[in-house]
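Working notes, beginning with the structure itself.
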Amino acid sequence: MSLSLLSPEEWANRCLKDGEFRLASRHWDGGVRLKIGGETLELFLSDGVKSTTNKNPDGMIEVSGLPEVWGEIFRAIPRRFHNDVIANMSQRCGLKRRGDAVVFAQYYAAVMRSVELLRPSLLEFEAVSKTDSEMLSRTVPQIMPHDRRPHGTIDAPIGRYVHLNLGGHDHRIYFEEAGQGIPLLMQHTAGCHSSQWRHLFEFPEVTERFRLIAYDLPYHGKSIPPVDVAWWDEQYLLKGEFLRSVPLKLSEALGLVDPVFMGCSVGGLLALDLAHKHSDVFRAVISVEGALKIEGKLDDYGELWHPQVNNEYKGRLMEGLMAPASPKPYRKETSFVYACGWPPAFVGDLHYYVEEYDLRQDAAEIDTRAIGVHILSGEYDYSSTSELGKAAHEAIRGSTWQDMKGVGHFPMSENPQAFREYLLPILDRIAS
């Protein structure tokens, strides 16, 4: 089988010997079937152990597509939207899925790992692709120097709590800060927390000019729920008015003067929302993975908060939004942080992300003479695509936009070195 690179037996053995696959397929009664044109690879499992027969057809997950589609997916470094099964399907790039939606969510990490194990390793790729200098440059892992510091080293940020009155209730909000100069508030992505920004704190070329402040939204990270709200009695849904109040109230409480706001994903949408509604508060906004509208509805994301699906699904789902050449330790760290979140938080944040937020009719009202607007879009992001980021830029006269090659939806955490190169020119412009 030329496209899969392995025989069915070799593929099955590779899966069963792989620690990541074995952990992801634990207790699975069913299995995975990959249909590559007219050929089929399948692995039957009983309680996570290889079985010779398909004992539970309802537990099978099948992914099918034409050989040319799989050929793109089986590249060592797949191109945009071919790095992940869900990315491919969401962009209608040729793959189709059969199987129960809940089972798919439960074992998506195993399905994707079985696909990854059909790709050549990067070492093999380097041996046969020396002429492709651009692609090779993306295969070099970039572990940051601050992640190899001696025992006892203390990193830059200092964490504290501040009490904010939000929606009539006292919220104890956690934030970390480092640096001096222009205040720069940083908002994390949906369902996550401020550790996504940890690398930025360690860049002296940033902290010498900017006071970085990364906070956890209420119900996220270390910002635990308020004690005077029966939050356990109702579904958590993030509303725009409440979300906008957080950076406004935090800026007020910390006495920030003319701050900059930077957010990613839901924070990237919030950045443009603030530019439209609160240009008198911020000198500039940096919208990472921003857009004017993200299509979808909350009902499309039911498996993100389902009693039979654990947080592992969220983490593995986020890996599909990242670039395959981003350093694997940082991709896995980003998904780890997602898996640590309060289960309802992610899907609750998507209420703002896909249902409430819509600036398509209002974007032209943003006055970039009063507030700078800068938009950054990751090449591999299939949720808030580069096309959506560019459209937002074109609708906001005087804004800037950059397509970040070789990164995805979480550039600051999945590939901090690449993100720094795209961010610094914007910070230079703001500082000047």
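Would you check if G255 is under 19 Å from the mean Cα position of the chain (by Cα) and more than 17 Å from E356 (Cα to Cα)?
No, not satisfied.
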**Only listed residue being surrounded by 23 or more Cβ atoms within 10 Å (Cβ to Cβ), of a type outside the set (S, T, Y) and over 18 Å from W401 (Cα atoms), chosen from F261, F282** = F282
**Y330 vs. criteria part of a loop (DSSP other than H, G, I, E, B), outside the structural domain of A87 (by TED's automatic domain parsing) and touching a Pro at 6+ places or on another chain (Cβ under 8 Å)** = no
**Message:** Which numbered condition in (1) in contact (Cβ under 8 Å) with a residue 60 or more places away in the chain; (2) assigned to a loop (DSSP other than H, G, I, E, B); (3) of a type in the set (D, E, K, R) is the only one that R316 fails?
**Reply:** (2)
**Message:** Could you go through the range 147-162 and let me know if any residue there is at positive phi and modelled with pLDDT of 95 or more.
**Reply:** yes
**Complete:** Note on the range 85-100: residues in contact (Cβ under 8 Å) with a residue 12 or more places away in the chain, more than 20 Å from W28 (Cα to Cα) and part of a loop (DSSP other than H, G, I, E, B) are Q91, C93, G94, L95
**Complete:** Over the range 72-88, the set of residues surrounded by 19 or more Cβ atoms within 10 Å (Cβ to Cβ) and under 21 Å from E9 (Cα atoms) is I73, F74
**Item:** Breaking point among (1) basic (K, R); (2) touching a helix residue (DSSP H, G or I) at 6+ places or on another chain (Cβ under 9 Å); (3) surrounded by fewer than 15 Cβ atoms within 10 Å (Cβ to Cβ), for R98
**Value:** (2)
**Message:** Name the residue that is surrounded by the fewest Cβ atoms within 10 Å (Cβ to Cβ), counting only residues in the range 149-207 that are hydroxyl-bearing (S, T, Y) and closer than 18 Å to A253 by Cβ.
**Reply:** Y161
**Message:** I'd like to know if the range 33-41 contains one or more residues that are hydroxyl-bearing (S, T, Y), touching a residue at least 40 places away in the same chain (Cβ under 8 Å) and in the same structural domain as E116 (by TED's automatic domain parsing).
**Reply:** no
**Item:** Sole exception among (1) crowded, with 20+ Cβ neighbours inside 10 Å; (2) in contact with a Leu (Cβ under 7 Å, 6 or more places away or on another chain); (3) at pLDDT 95 or above for V69, by number
**Value:** (1)
**Request:** Please specify each residue of the range 364-380 satisfying the condition of being of a type outside the set (D, E) and either closer than 17 Å to V288 by Cβ or buried (at least 22 other Cβ atoms within 10 Å of the Cβ) (or both).
**Result:** I366, I371, G372, V373, H374, I375, L376, S377, G378, Y380
**Message:** Go through (1) over 28 Å from the mean Cα position of the chain (by Cα); (2) at pLDDT 95 or above; (3) of a type outside the set (S, T, N, Q) for A101 and report which single condition fails.
**Reply:** (1)
**Message:** For the range 210-228, check the following and say yes or no: at least one residue is assigned to a helix (DSSP H, G or I), surrounded by fewer than 18 Cβ atoms within 10 Å (Cβ to Cβ) and either charged (D, E, K, R) or not assigned by TED's automatic domain parsing to the domain that holds H169 (or both).
**Reply:** no
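The values are calculated or read from the model by the stated rules, or taken from the named source; none is laboratory data. All figures in this text were calculated on a predicted structure; none of them were measured in a lab. Note: ideal-geometry Cβ built from the backbone for every residue, glycine included; neighbour counts use all protein chains shown.
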